[in-house]
1. How do the pairs read when you match residues in region 232-253 that are without any contact (Cβ under 8 Å) to a residue 12 or more places away in the chain with residues anywhere that are assigned to a helix (DSSP H, G or I) and open to solvent by less than 50 Å² (accessible area, probe 1.4 Å), using Cβ under 9 Å and keeping only pairs 6 or more apart or on different chains?
2. Just checking, how many residues over region 231-267 are surrounded by fewer than 24 Cβ atoms within 10 Å (Cβ to Cβ) and in a helix (DSSP H, G or I)?
3. So if I check each of TYR347, TYR383, which one is over 23 Å from VAL284 (Cα atoms) and modelled with pLDDT of 95 or more?
4. When the residues of region 498-511 are narrowed to those that are open to solvent by 10 Å² or more (accessible area, probe 1.4 Å) and farther than 13 Å from ARG468 by Cβ, which ends up modelled with the highest pLDDT?
5. Could you say whether any residue in region 183-192 is under 24 Å from LEU329 (Cβ atoms), open to solvent by less than 20 Å² (accessible area, probe 1.4 Å) and not in a loop (DSSP other than H, G, I, E, B)?
6. Can you tell me which residues in region 205-217 are out of contact with any Leu (no Cβ under 6 Å at 6 or more places or on another chain) and without any contact (Cβ under 8 Å) to a residue 24 or more places away in the chain?
7. If ASP55 passes every condition in (1) assigned to a helix (DSSP H, G or I); (2) under 28 Å from the mean Cα position of the chain (by Cα); (3) exposed (fewer than 14 other Cβ atoms within 10 Å of the Cβ) but one, which one does it miss?
8. Checking the conditions here, which among GLU444, GLU451, GLU501 is within 27 Å of GLU395 (Cβ to Cβ), free of Cβ contacts under 8 Å to residues at least 60 places away in the same chain and assigned to a helix (DSSP H, G or I)?
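The values are calculated or read from the model by the stated rules, or taken from the named source; none is laboratory data. Worth saying up front: this structure is predicted, and the values here are computed from it rather than measured. All Cβ positions, even for glycine, are placed from backbone atoms using ideal geometry, and neighbour counts span all protein chains on display. Side chains included, ligands, DNA and RNA excluded: accessible areas come from the protein's heavy atoms. Shrake-Rupley method; radii C 1.70, N 1.55, O 1.52, S 1.80 Å.
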Amino acid sequence: MSERPNEPDGAREEATARASSLEIRDEALGELSAQMVALVADYFARLPSLPVFPDTTAERLTEKFGRELPLEGASVERIVEDCRAIIDGSRHNGHPRFFGYVASPSTPVGAFADLLASALNPNVTSWRSAPAATEIEKTTLRWLSTLIGYGEPSGGLLTSGGSMANLNALLIAHRSRAQGEVDRRGLWSTSQPATVYASEQVHMSIPKAADILGLGRDQLRLVKSDARFRLDVRDLREMVEADSARGLVPFCVVGNAGTVNTGAVDPLAEIARVAQEHDLWFHVDGAYGAPGALDERKRALFDGIERADSVALDPHKWLYAPVDCGCLLFRDPASARKAFLPTEADYIRVHEETDDESFAFWDYGVELSRRFRALKVWMMLSYYGARRVRAAVSENNDVTAYFAERIAAAEDFELLAPVELSICCFRFVPPGVREKLKGAGEQERAQLGDELDRLNARIMHHIQRGGRAYLSNVTLRGSYGLRACIVNFRTTRADMDQTLEIVRDAARASQ
């Protein structure tokens, strides 16, 4: 028999605990917890002194980690040893001289929040499945909206990142303007192709979303950008009017609040006027740049964001939250629900009667299973407060401006784009080449430009694998350049000075 009526309660509970092969006794759990917390604390302490990129190869990592499936468990010591090897084999996005792509470091608060979120492991599909997590996500959405100047959103949700936020936004935008039963009969039931408009500097997730949604990449109209790499509103207006005259169906325009290449912010207020005139859904992709609005000196760049129908932003890009944590905010919940008509399935049938307790995130996004993403943002803002987060974002902008000033004053560097937020695009130009460019003809300039492109490509690779700093690349107006994105609360002006010397060292090694 399964029950043991003559055993004391404590003995029966111990026997029940032993019944699971995965249960860990309190003493062992305490040891594992202490070791792992100490490991993470030590990592945060050592992070600035670690190489940004590991001195390793794919072959060595495969030899270390590509082992056979273990049949027996390892000791805590072995697990910790493996974790140290993982740290040693990682690129450290939290290093103060990591400037590649848009990857901010995790604050310790965010890391510990993720530990609690994983321990609770709720599936944040609805209030019923995760009451506290649902309320925290709603609060976090409201806080994020306030931080970037979007006002009080009527709805939104956290996503895996900007790509999923933009995909959701374009789906909602299309369904809000589509005629007929597109959700049931498909795009073939519509009479003419629907068109989306965005700057040529748009993030790759927008054409990808047009592809995934079946609209087609050709239906994404790329509007030219101006001298500051911002969307040209006159060109936008002309394209929309021309497409309408051809019988196409313009339905959405995407404005950038901080492009991934240069950090440019499109003229959002002017785009909003065009959207209103032509009844277009106005989506703002602020995955990287929207948190830049926390810097009061940059607020004017974001004028018009409050008129957007939807806004994407990623707390894991410039609010120092651990991956994954993107966000989509939108004004009209009815439009979102129109895009995600309920599926007939017993397991998602809602029995609660009040509006709050019958709330479900699946009504507003693609995902069903969802992590407790909000906790890390909620806990970080609760711990630091908005003022300290704002100060960190403002300092990133200041450090970037300082870097650009140093580049502009140097004889061996050249800025490739204006600096609006915390991205600086530049290239190394040997003084001798600079002099040749001044008096060169068109053919010679093209040849010198090709040589500069190859040199800067070698410089970038040398820096990335060298471990002292990490830059990414960019191509602007046909010129290959180096790109530094400063979204790290640890980065100082001294790091930027050191980076210039690292680039010079790499140039000497690459010529």
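1. Nothing qualifies.
2. Residues that pass the stated criteria total 12.
3. Checking each option against the conditions leaves just TYR383.
4. ARG508
5. No, because not a single residue in region 183-192 is under 24 Å from LEU329 (Cβ atoms), open to solvent by less than 20 Å² (accessible area, probe 1.4 Å) and not in a loop (DSSP other than H, G, I, E, B).
6. ASP211, GLY216, ARG217
7. (1)
8. Within the list GLU444, GLU451, GLU501, the selection yields GLU501.
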